1. Do you know which residues across the stretch 147-162 are modelled with pLDDT of 95 or more and within 15 Å of ligand 2 (Cβ to nearest atom)?
2. Look at the stretch 297-342 and say how many of its residues are aromatic (Phe, Trp, Tyr) and within 15 Å of ligand 2 (Cβ to nearest atom).
3. Pick from Thr165, Thr182: which is on the phi < 0 side of the Ramachandran plot, within 15 Å of ligand 2 (Cβ to nearest atom) and surrounded by fewer than 24 Cβ atoms within 10 Å (Cβ to Cβ)?
4. Of all residues in the stretch 97-138 being assigned to a helix (DSSP H, G or I) and within 15 Å of His164 (Cβ to Cβ), which is farthest from ligand 2 (Cβ to nearest atom)?
5. Of the residues that sit in the stretch 52-90 and are β-branched (Val, Ile, Thr) and outside any helix (DSSP H, G or I), which one is surrounded by the fewest Cβ atoms within 10 Å (Cβ to Cβ)?
6. Would you confirm, using the coordinates I've provided, whether His55 is within 16 Å of ligand 2 (Cβ to nearest atom), modelled with pLDDT under 95 and touching an Asp or Glu at 6+ places or on another chain (Cβ under 8 Å)?
7. Given (1) modelled with pLDDT under 90; (2) buried (at least 19 other Cβ atoms within 10 Å of the Cβ), identify the lone condition not met by Ala5.
Amino acid sequence: MTAAAVPLPRGGGEGREGGAAVNVLGIESSCDETGVALVRAAADGVPRLLAQALHTQAAMHAAYGGVVPELASRDHIRRVLPLARQVLAEAGTGLDDIDLVAYTRGPGLAGALLVGAGIAVALAAALHRPAVGVHHLEGHLLSPFLSADPPRFPFVALLVSGGHTQLMRVEEVGRCELLGETIDDAAGEAFDKSAKLLGLGYPGGPALARLAAQGCCGAFALPRPLLHKPNLDFSFAGLKTAVAVRVAALGSGATEAQRADMAASVQAAIVEVLVAKALRALAQTGLDRLVVSGGVGANAELRARLDAACAARGARVHYPEPALCTDNGAMIALAAAMRWQRGLLQPQPAAFDVRPRWPLQAA
Ligand code: KG4
Ligand code: ZN
């Protein structure tokens with residue numbers, strides 16, 4: 001049986017009332033981070049983050065060298081409500097102040113998504129408020145709107161996470177066109193798999209970046225897949241294979257300096273391809289604003305190279321605040337808030353589903 005949809009708060013989109021505002025509770029549980037946040041949005045203007053709390057499961061999964069889906073789901077169940085209490089306390093608000101509950105509907109791990117969706121829908125029903133499912137990548141893509149220097153539409157988005165590497169032309173909230181994407185591994189996966197080959201912990205991206213800071217990026221000649229192809233697609237699987245061959249050749253006697261050189265060479269290869277394709281996307285679309293988001297967007301070398309390349313072209317680059325690069329609840333609340341402002345939210349019945357595989361263009 002499906003309960004009737006709870007009406008959405010008025011004020012966003014058509015029929016907006018002057019001065020209307022909503023508090024959106026956002027819940028993220030698509031992978032190995034449990035994130036909860038409260039965002040406040042007036043009918044227009046950039047929404048504001050009131051409070052957020054995050055628990056990362058990285059230490060729990062580290063023993064297995066990667067995310068164990070069943071353990072992830074169980075841990076999300078333990079974390080969501082304590083994190084929600086923490087957020088409400090920090091914001092100085094109560095349950096009654098929540099107007100809308102947003103959760104990550106996909107893409108992600110099915111069991112992990114179901115935890116966030118189940119709790120969000122139950123909480124919303126108990127509060128007689130609507131619940132809305134949000135696309136995880138839309139959250140990443142819009143996350144720079146919570147920064148001190150928010151972008152303006154339209155822009156090119158470079159979305160670089162553990163599961164996705166995409167270039168998009170973004171006209172407005174809910175209107176984007178895929179320009180190119182990885183045909184195999186994501187950029188974050190290339191960082192993680194190379195880090196694993198170098199014996200670094202999980203997640204590998206930040207660990208590899210730290211080791212790379214002590215190495216020489218020209219020490220090992222590694223492939224830059226699809227760099228010179230005129231399209232905007234990526235491929236990182238061959239890079240991982242090349243790293244595996246080089247690391248095997250070094251054997252167990254590899255020095256710390258050689259490992260640092262390898263880390264720096266891997267990072268340089270990934271960054272060079274990402275920068276070249278992002279710049280090509282700006283040139284092809286004629287746009288002069290680039291928005292970078294997703295976990296790999298926290299990489300300092302990527303940021304330095306993008307800043308320099310965009311400055312040389314007269315283009316602006318926007319990043320999320322460092323704390324909002326990786327998965328978090330703020331970006332989920334924000335995406336729902338921005339959709340509400342534009343009247344794009346659909347009233348949702350109390351029944352729910354999750355979409356482990358979900359192209360952003362279909363959101
Ligand atoms: O966006 P995210 O938190 O989760 C997904 O939606 O996938 O991205 C996680 C990815 C992981 O592959 C992680 O290794 C990578 O982002 N990452 C980094 C850095 N911080 C996180 N990669 C390179 N340099 C970093 N500083
Ligand atoms: Zn993510």
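1. Ala157, Leu158, Leu159, Val160
2. In the first step, residues of the stretch 297-342 are kept if they are aromatic (Phe, Trp, Tyr); the result is 319, 340.
Imposing the further condition that a residue be within 15 Å of ligand 2 (Cβ to nearest atom) reduces the set to 319.
Number satisfying all stated conditions: 1.
3. On the way: Thr165 fails: surrounded by fewer than 24 Cβ atoms within 10 Å (Cβ to Cβ).
None of the others qualify; the one that does is Thr182.
4. The initial filter retains those residues of the stretch 97-138 that are assigned to a helix (DSSP H, G or I), namely 97, 110-127, 136-138.
Checking the rest, the ones that are also within 15 Å of His164 (Cβ to Cβ) come to 136-138.
Details: His136: 6, Leu137: 7, Glu138: 11 Å.
Checked the stretch 97-138; the qualifying residue farthest from ligand 2 (Cβ to nearest atom) is Glu138.
5. Going through the stretch 52-90, the residues β-branched (Val, Ile, Thr) turn out to be 56, 67-68, 77, 80, 87.
Among the residues that remain, those that are also outside any helix (DSSP H, G or I) are: 56, 67-68.
Working: Thr56: 15, Val67: 18, Val68: 17.
Filtering first and then ranking leaves Thr56.
6. Working: within 16 Å of ligand 2 (Cβ to nearest atom): yes; modelled with pLDDT under 95: no; touching an Asp or Glu at 6+ places or on another chain (Cβ under 8 Å): yes.
No; evaluated as a whole, the condition is false for this residue.
7. Exception for Ala5: condition (2).
Residue by residue, here is whether (1) out of contact with any Leu (no Cβ under 8 Å at 6 or more places or on another chain); (2) surrounded by fewer than 22 Cβ atoms within 10 Å (Cβ to Cβ); (3) under 14 Å from Gln267 (Cα atoms); (4) among the polar types (S, T, N, Q) holds:
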| site | (1), (2), (3), (4) |
| --- | --- |
| Val121 | yes, no, no, no |
| Arg152 | yes, yes, no, no |
| Leu158 | no, no, no, no |
| Ala213 | yes, yes, yes, no |
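The values are calculated or read from the model by the stated rules, or taken from the named source; none is laboratory data. In this text the structure is predicted, and so the values were computed from the model without any measurement. We place every Cβ from the backbone using ideal geometry, glycine too, and count neighbours over all the protein chains shown.
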